[in-house]
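Visitor: My questions all concern the structure below.
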Number of protein chains: 2
Amino acid sequence: MLDLLIQNCDALVIANGRHEVQTAVDIHINQDTIQAIEPHKPDAPAAKETIKAAGQLAIPGLINTHAHAPMVLFRGLAEDVSILDWFNTYIWPLESNLNEEDVYWGMQLALLEMIEAGVTCVADHYFFMEQAAQAITEAGTRAALGWAVFGSGGQAALDTAAAFTADYQGAADGRITTWMAPHAPYTCDDDFLRAAARIAAGLNVGIHIHAAEEMGQTEASLAKRGITPIQVLEETGILERPTLIAHGCGLLPQDIELLARANQVGIAHAPKTYLKLGMGLTPVAPLREAGIPIGLATDGAGSNNTLDILESMRLLALTQKHEARNPEVMPLSTVLDITFNGSAAVLGMADNLGRLQPGCLADIVLLDLNGSHHQPRHSLLASLVYNSRAGDVQTVVVNGRPLMHNRQHRTLDKTEIIRQVQKNMGRLAQRIPSKRIQVYNP
Amino acid sequence: MLDLLIQNCDALVIANGRHEVQTAVDIHINQDTIQAIEPHKPDAPAAKETIKAAGQLAIPGLINTHAHAPMVLFRGLAEDVSILDWFNTYIWPLESNLNEEDVYWGMQLALLEMIEAGVTCVADHYFFMEQAAQAITEAGTRAALGWAVFGSGGQAALDTAAAFTADYQGAADGRITTWMAPHAPYTCDDDFLRAAARIAAGLNVGIHIHAAEEMGQTEASLAKRGITPIQVLEETGILERPTLIAHGCGLLPQDIELLARANQVGIAHAPKTYLKLGMGLTPVAPLREAGIPIGLATDGAGSNNTLDILESMRLLALTQKHEARNPEVMPLSTVLDITFNGSAAVLGMADNLGRLQPGCLADIVLLDLNGSHHQPRHSLLASLVYNSRAGDVQTVVVNGRPLMHNRQHRTLDKTEIIRQVQKNMGRLAQRIPSKRIQVYNP
């Protein structure tokens with residue numbers, strides 16, 4: 001008896017190293033794992049639950065490699081402002097309003113949005129992460145969580161983060177993994193970064209950090225101390241751990257050489273945020289040429305406004321063609337490789353995530369690509385990249401368990417979550433510039 | 001007795017020259033016109049139809065200022081190829097397959113997609129336009145139609161286009177207006193452009209034309225004849241007529257000066273196509289400074305893949321901030337001004353379209369901005385620009401008539417349209433490079 005059978009769908013699989021659509025298949029799932037993907041048979045094996053999916057496209061669950069998910073609480077409050085004002089006048093004062101309960105409900109709201117958009121896994125970097133972990137546990141999704149710490153927090157902050165990292169590694173039936181998450185080289189001094197790296201080594205975990213977010217930070221680092229933010233990561237031992245770097249729009253060629261020699265590095269790419277904040281773009285092509293994995297991300301909704309990886313995927317394709325002034329770059333095959341394989345590799349999970357294949361974790365999204373905006377269906381791959389919308393997501397399975405089916409949530413109480421978030425809107429929107437969690441001065 | 005009452009919605013209105021949301025209003029509609037927008041009263045006047053819209057946001061119907069709508073038939077068939085190949089190897093061979101019936105069903109499919117995305121008016125530039133007009137008539141939307149002609153078609157093509165332009169001006173109860181639509185300076189010689197301008201003058205209509213689509217075309221024109229494509233439009237008398245120019249990514253500063261002095265010019269801006277084909281971007285800021293209206297567009301689905309003006313709006317904001325590397329440019333107020341007022345002005349309809357205001361045409365879209373991806377609703381304007389999706393569109397009213405209500409079409413038969421389009425997919429996808437409607441060689 002199977003635990004779950006997805007019946008008669010099309011499936012985005014990899015054949016000869018490239019994504020293609022295999023039509024009319026059954027996906028057999030036992031416990032948390034894909035057991036088989038085989039041509040549809042009317043007399044399928046018995047299953048505890050069967051999802052009929054004729055005409056729908058199964059894709060691997062989308063992975064968000066860098067977010068501050070509970071920042072949905074501040075969505076729309078910092079528009080059309082410089083990066084300096086974004087941090088100092090808006091977001092960091094706003095974040096001083098946060099308490100544990102806010103993070104719990106903010107994370108739930110973010111998970112509602114992400115599940116509805118087919119995002120099954122998020123690498124999240126925020127505060128009060130025990131509450132975020134609780135929300136993940138209840139929602140049923142997958143997450144790589146890091147408790148964000150600033151150098152100003154000193155040893156106490158490191159202790160809190162270390163305790164969380166140790167306690168929650170493998171939590172929620174293995175759906176939660178943890179990282180150390182020092183905020184950035186411009187908010188953590190070298191000793192603090194070294195201490196974070198030592199803790200990560202002791203716990204055998206990776207490090208999730210912002211670095212070289214935009215070229216101004218790189219220039220400031222060079223002016224102040226003669227080395228780039230990436231060189232700071234190397235000198236402080238961060239790069240000896242598996243490292244997830246957001247966002248790298250300020251990477252120089254020598255940084256890419258350095259990253260290529262590092263232990264295990266991945267870059268989270270959140271193009272909507274970069275466009276909106278005028279940050280430039282991650283040098284995607286040189287990073288790929290150097291063999292460094294790139295994954296898709298949304299950053300927080302304070303800058304990105306949405307948590308929609310289908311939108312990030314489309315913007316990856318469009319912006320790379322634009323920057324190169326060449327429509328032949330970033331073809332569909334590369335876009336899909338980054339979206340699925342790249343994102344899984346950035347999380348260090350390329351072996352069992354990001355692919356529909358027997359033995360991989362059963363994180364599966366069913367899309368209905370039959371709407372007017374997909375017709376006629378000459379190319380499902382083009383439709384997936386350029387036409388698909390969060391609203392096309394019908395069913396979301398994580399670890400073998402359907403969390404949303406036919407757009408009905410099974411784990412989260414949408415009405416209650418929105419009610420809880422709305423009742424605190426006024427308090428959360430207050431800003432006292434002197435009351436902020438940090439000062440941005442890279 | 002009102003013809004239509006939209007009850008207790010919020011409404012995007014203009015106050016002191018800027019868009020703002022007026023909450024809890026009733027919109028009174030008689031025949032094709034907005035009669036009043038006033039604070040909601042439970043004892044509203046009687047109406048033939050009442051739409052209850054509590055919590056929904058009414059916006060002016062979205063306007064697509066440049067499309068080749070029936071090109072949805074070729075969606076996804078020309079991916080990741082150079083502009084030269086896009087024209088010569090893909091689109092122009094594909095378009096040689098078209099017959100009248102294809103355009104009829106292709107236009108219907110495009111109208112399905114546009115209605116579902118809140119697009120109520122399209123300036124369309126294509127072939128067999130009597131069939132396109134028939135589809136518009138049945139769908140109930142608004143359109144400014146031009147029969148595209150190439151210089152190679154000679155006088156016969158001009159005669160066909162002129163007859164259509166004369167016959168369909170004001171058709172479908174005034175919902176259809178017409179333009180002359182010579183294809184572009186690079187496909188029409190000067191005598192042909194002069195003849196088109198004379199016909200337009202005789203019929204008292206405007207001209208809808210491609211020009212300076214990307215900088216390569218401008219450079220080619222300068223190399224071949226010493227003047228820019230815009231100067232060609234001036235020399236041939238095109239600019240003496242109201243002129244709608246797509247796409248202008250190859251405009252030089254002197255072109256903008258020239259356009260600012262012209263009679264009535266508007267620019268259609270289709271950012272998704274420009275990114276995807278690596279064309280650069282229309283110089284939006286200098287055009288706005290010169291007082292030249294800019295409207296939003298999708299171009300055809302052969303390049304843009306979708307016909308979604310909400311997506312064009314979001315990309316306008318994101319790309320302009322990116323190009324300027326400045327998040328303060330293209331603030332929400334300017335994005336909304338271009339989306340609504342700019343697009344109406346580009347069609348020469350700024351007096352009665354693009355605004356929710358008594359006396360204006362009743363083209364109204366109701367959006368549900370209550371989904372998870374909009375919560376909490378700190379800023380409805382930011383949510384409209386950065387978070388809204390076609391799936392948020394609930395109800396679409398054109399000329400006072402609801403065409404879609406609660407996402408149910410009232411005028412178009414979705415199942416039949418998709419069936420008709422699908423049955424011809426194989427024939428439409430055939431390509432014989434020698435059999436093409438034109439050769440691209442600007």
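Visitor: Which of (1) touching a residue at least 40 places away in the same chain (Cβ under 8 Å); (2) of a type in the set (V, I, T); (3) within 30 Å of B:Q408 (Cα to Cα) is the odd one out, the single condition A:T415 does not satisfy?
Guide: (1)
Visitor: Still on this structure, I have one more. Among the numbered criteria (1) surrounded by 18 or more Cβ atoms within 10 Å (Cβ to Cβ); (2) within 29 Å of B:L332 (Cβ to Cβ), which single criterion is violated by A:A211?
Guide: It fails just one condition, (2).
Visitor: On to the next question. With respect to B:A344, determine if the residue is of a type in the set (G, A, S) and closer than 24 Å to A:E116 by Cα.
Guide: Numbers: of a type in the set (G, A, S): yes; closer than 24 Å to A:E116 by Cα: no.
The answer is no for B:A344.
Visitor: With the requirement that a residue be within 13 Å of another protein chain (Cβ to nearest Cβ), assigned to a helix (DSSP H, G or I) and either without any contact (Cβ under 8 Å) to a residue 40 or more places away in the chain or within 13 Å of B:F127 (Cα to Cα) (or both), what does the range B:76-93 give you?
Guide: B:D85, the sole residue that qualifies.
Residue by residue, here is whether (1) part of a loop (DSSP other than H, G, I, E, B); (2) farther than 20 Å from A:L98 by Cα; (3) of a type in the set (F, W, Y) holds:
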residue	(1), (2), (3)
A:A132	no, no, no
A:A181	no, no, no
A:F192	no, yes, yes
A:H210	no, yes, no
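Visitor: Also, I was wondering about something else. From the list A:T218, A:T177, A:T243, A:T282, which residue is more than 14 Å from chain B (Cβ to nearest Cβ) and closer than 30 Å to B:L275 by Cβ?
Guide: Values: A:T177 fails: closer than 30 Å to B:L275 by Cβ; A:T243 fails: closer than 30 Å to B:L275 by Cβ; A:T282 fails: more than 14 Å from chain B (Cβ to nearest Cβ).
Checking each option against the conditions leaves just A:T218.
Visitor: Looking at (1) within 14 Å of another protein chain (Cβ to nearest Cβ); (2) crowded, with 24+ Cβ neighbours inside 10 Å, find the lone condition where B:H68 falls short.
Guide: The one condition B:H68 does not meet is (1).
Visitor: Yes or no: the range A:362-372 includes at least one residue that is closer than 23 Å to A:I27 by Cα, assigned by TED's automatic domain parsing to the domain that holds A:G170 and of a type in the set (D, E, K, R). Reasoning before the result, please.
Guide: Applying the first criterion (closer than 23 Å to A:I27 by Cα) to the range A:362-372 yields A:362-370.
If we keep only those that are assigned by TED's automatic domain parsing to the domain that holds A:G170 as well, we get none.
Taking every residue of the range A:362-372 in turn, none turns out to be closer than 23 Å to A:I27 by Cα, assigned by TED's automatic domain parsing to the domain that holds A:G170 and of a type in the set (D, E, K, R).
Visitor: Check the range B:65-75 and report whether any residue there is modelled with pLDDT under 95 and aliphatic (A, V, I, L, M). Spell out how you get there, then give the answer.
Guide: Initial filter on the range B:65-75 (modelled with pLDDT under 95): none.
For the range B:65-75, residues modelled with pLDDT under 95 and aliphatic (A, V, I, L, M): absent.
Visitor: B:N370 versus (1) more than 11 Å from chain A (Cβ to nearest Cβ); (2) assigned to a loop (DSSP other than H, G, I, E, B): which is the lone unmet condition?
Guide: (1)
Visitor: Taking B:G106, is it crowded, with 24+ Cβ neighbours inside 10 Å and not in a helix (DSSP H, G or I)? Outline the logic, then answer.
Guide: Working: crowded, with 24+ Cβ neighbours inside 10 Å: yes; not in a helix (DSSP H, G or I): no.
Answer is no for this residue.
Visitor: Which number in (1) assigned to a loop (DSSP other than H, G, I, E, B); (2) in contact with a helix residue (DSSP H, G or I) (Cβ under 8 Å, 6 or more places away or on another chain) marks the one condition that A:G55 misses?
Guide: Just one mismatch for A:G55, condition (2).
Visitor: For the range B:369-427, how many residues are of a type in the set (D, E, K, R) and within 21 Å of the chain's Cα centre (by Cα)? Show your work before the answer.
Guide: Start the filter on the range B:369-427 by keeping residues that are of a type in the set (D, E, K, R), which leaves B:377, B:389, B:392, B:401, B:407, B:410, B:413-414, B:416, B:419, B:423, B:427.
In the following step, the residues that additionally are within 21 Å of the chain's Cα centre (by Cα) were identified as B:389, B:392, B:401.
Residues that pass the stated criteria total 3.
Visitor: In the range A:170-193, which residue that is of a type in the set (S, T, N, Q) and more than 21 Å from A:G400 (Cβ to Cβ) is nearest to the chain's Cα centre (by Cα)?
Guide: First pass over the range A:170-193, keeping only residues of a type in the set (S, T, N, Q): A:177-178, A:187.
This time we only want the ones that are more than 21 Å from A:G400 (Cβ to Cβ), so: A:178, A:187.
Details: A:T178: 14, A:T187: 22 Å.
The qualifying residue nearest to the chain's Cα centre (by Cα) is A:T178.
Visitor: Of everything in the range A:382-394 that's out of contact with any Lys or Arg (no Cβ under 7 Å at 6 or more places or on another chain) and facing chain B (nearest Cβ under 8 Å), which residue is surrounded by the most Cβ atoms within 10 Å (Cβ to Cβ)? Walk me through it before giving the result.
Guide: Of all residues in the range A:382-394, those out of contact with any Lys or Arg (no Cβ under 7 Å at 6 or more places or on another chain) come to A:382, A:384, A:387-388, A:392-393.
Imposing the further condition that a residue be facing chain B (nearest Cβ under 8 Å) reduces the set to A:382, A:387.
Details: A:A382: 20, A:N387: 27.
Going through the qualifying residues, I end up with A:N387.
Visitor: Here's a check for you: in the range B:302-319, which residue that is out of contact with any His (no Cβ under 8 Å at 6 or more places or on another chain) and of a type in the set (G, A, S) is nearest to A:L281 (Cα to Cα)?
Guide: B:A317
Visitor: Output the qualifying pairs, or none if there are none: Cβ atoms under 7 angstrom, residues six or more apart or on different chains, first residue in the range A:9-24 and surrounded by 17 or more Cβ atoms within 10 Å (Cβ to Cβ), second residue among the polar types (S, T, N, Q) and part of a strand (DSSP E or B).
Guide: Going by the 7 Å Cβ cut-off, the qualifying pairs are A:D10/A:Q22; A:D10/A:T23; A:A11/A:Q22; A:V13/A:Q22.
Visitor: So, one more: Just to check your reading of the model, which residue among A:T89, A:T120 is more than 18 Å from A:I309 (Cα to Cα), assigned by TED's automatic domain parsing to the domain that holds A:L310 and β-branched (V, I, T)? Step through it out loud before you land on a result.
Guide: Working: A:T120 fails: more than 18 Å from A:I309 (Cα to Cα).
Step by step, each of A:T89, A:T120 is checked, and only A:T89 is more than 18 Å from A:I309 (Cα to Cα), assigned by TED's automatic domain parsing to the domain that holds A:L310 and β-branched (V, I, T).
Visitor: Related question: Sort out which residues of the range B:331-355 are in a helix (DSSP H, G or I) and within 14 Å of chain A (Cβ to nearest Cβ), and write them in order of number. It would help to see each step written out before you state the result.
Guide: Just the residues of the range B:331-355 that are in a helix (DSSP H, G or I), to begin with: B:332-346.
Those that are in a helix (DSSP H, G or I) and within 14 Å of chain A (Cβ to nearest Cβ): B:L332, B:S333, B:T334, B:V335, B:L336, B:D337.
Visitor: Limited to the range B:159-179, what total is found for residues that are free of Cβ contacts under 8 Å to residues at least 60 places away in the same chain, assigned to a loop (DSSP other than H, G, I, E, B) and on the phi < 0 side of the Ramachandran plot?
Guide: Qualifying residue count for the region: 2.
Visitor: Another question, if that's okay. Which residue, of A:A117, A:A110, A:A36, is out of contact with any helix residue (DSSP H, G or I) (no Cβ under 7 Å at 6 or more places or on another chain) and closer than 21 Å to A:V396 by Cα?
Guide: Working: A:A117 fails: out of contact with any helix residue (DSSP H, G or I) (no Cβ under 7 Å at 6 or more places or on another chain); A:A110 fails: out of contact with any helix residue (DSSP H, G or I) (no Cβ under 7 Å at 6 or more places or on another chain).
The match here is A:A36.
Visitor: Out of the residues in the range A:25-52 meeting the condition of being in a strand (DSSP E or B) and among the acidic types (D, E), tell me which one is surrounded by the fewest Cβ atoms within 10 Å (Cβ to Cβ). Steps first, answer last, please.
Guide: Of all residues in the range A:25-52, those in a strand (DSSP E or B) come to A:25-30, A:33-39, A:47-52.
Those still in the list that are among the acidic types (D, E) too: A:26, A:38, A:49.
On the way: A:D26: 23, A:E38: 13, A:E49: 15.
That would be A:E38.
Visitor: Find all pairs meeting these conditions: Cβ atoms under 8 angstrom apart; at least six residues apart or on different chains; first residue within the range B:100-118 and more than 26 Å from B:F340 (Cβ to Cβ) and away from chain A (no Cβ under 13 Å); second residue surrounded by fewer than 24 Cβ atoms within 10 Å (Cβ to Cβ) and of a type outside the set (A, V, I, L, M, F, W, C).
Guide: Hits for this filter: B:E100/B:E130; B:E100/B:Q131; B:E101/B:Q131; B:V103/B:Q131; B:Y104/B:Q131; B:Y104/B:Q134.
Visitor: Can you name the number of the only condition in (1) over 29 Å from A:P283 (Cβ atoms); (2) within 11 Å of chain B (Cβ to nearest Cβ); (3) in contact with a Leu (Cβ under 8 Å, 6 or more places away or on another chain) that A:M425 fails?
Guide: Result: A:M425 fails condition (3) only.
Visitor: Another question, if that's okay. I need the full set of residues from the range A:316-330 which are within 8 Å of chain B (Cβ to nearest Cβ), part of a helix (DSSP H, G or I) and not basic (K, R), in order please.
Guide: A:A317, A:L318, A:T319, A:H322, A:A324
Visitor: In contact with a Ser or Thr (Cβ under 8 Å, 6 or more places away or on another chain) and either part of a helix (DSSP H, G or I) or in contact (Cβ under 8 Å) with a residue 24 or more places away in the chain (or both): is that true of B:T273 in this structure? Quick ask: steps written out before the conclusion?
Guide: Details: in contact with a Ser or Thr (Cβ under 8 Å, 6 or more places away or on another chain): yes; either part of a helix (DSSP H, G or I) or in contact (Cβ under 8 Å) with a residue 24 or more places away in the chain (or both): yes.
Taking the combined requirement at face value, the residue satisfies it.
Visitor: Search the range B:285-308 for residues being among the β-branched types (V, I, T) and within 19 Å of B:H208 (Cα to Cα), and hand back the single one that is farthest from the other protein chains (Cβ to nearest Cβ). Step through it out loud before you land on a result.
Guide: Narrowing the range B:285-308 to residues among the β-branched types (V, I, T): B:292, B:294, B:298, B:306.
So of that shortlist, the ones also within 19 Å of B:H208 (Cα to Cα) come out as B:292, B:294, B:298.
Values: B:I292: 23, B:I294: 19, B:T298: 11 Å.
Ranking the candidates gives B:I292 first.
Visitor: Determine which member of the set B:A58, B:A54 is over 29 Å from B:E101 (Cα atoms), in contact (Cβ under 8 Å) with a residue 60 or more places away in the chain and more than 9 Å from chain A (Cβ to nearest Cβ).
Guide: Numbers: B:A54 fails: in contact (Cβ under 8 Å) with a residue 60 or more places away in the chain.
None of the others qualify; the one that does is B:A58.
Visitor: Out of all the residues in the range B:395-440, which are surrounded by 11 or more Cβ atoms within 10 Å (Cβ to Cβ), part of a loop (DSSP other than H, G, I, E, B), modelled with pLDDT of 95 or more and not hydroxyl-bearing (S, T, Y)?
Guide: Of everything in the range B:395-440, those that are surrounded by 11 or more Cβ atoms within 10 Å (Cβ to Cβ), part of a loop (DSSP other than H, G, I, E, B), modelled with pLDDT of 95 or more and not hydroxyl-bearing (S, T, Y) turn out to be B:N399, B:G400, B:R407, B:R410, B:L412, B:D413, B:N424, B:Q430.
The values are calculated or read from the model by the stated rules, or taken from the named source; none is laboratory data. Treat the numbers as computed from the prediction; the structure is a model and nothing was measured. Cβ atoms come from the backbone with ideal geometry, glycine included; neighbour counts cover every protein chain shown.
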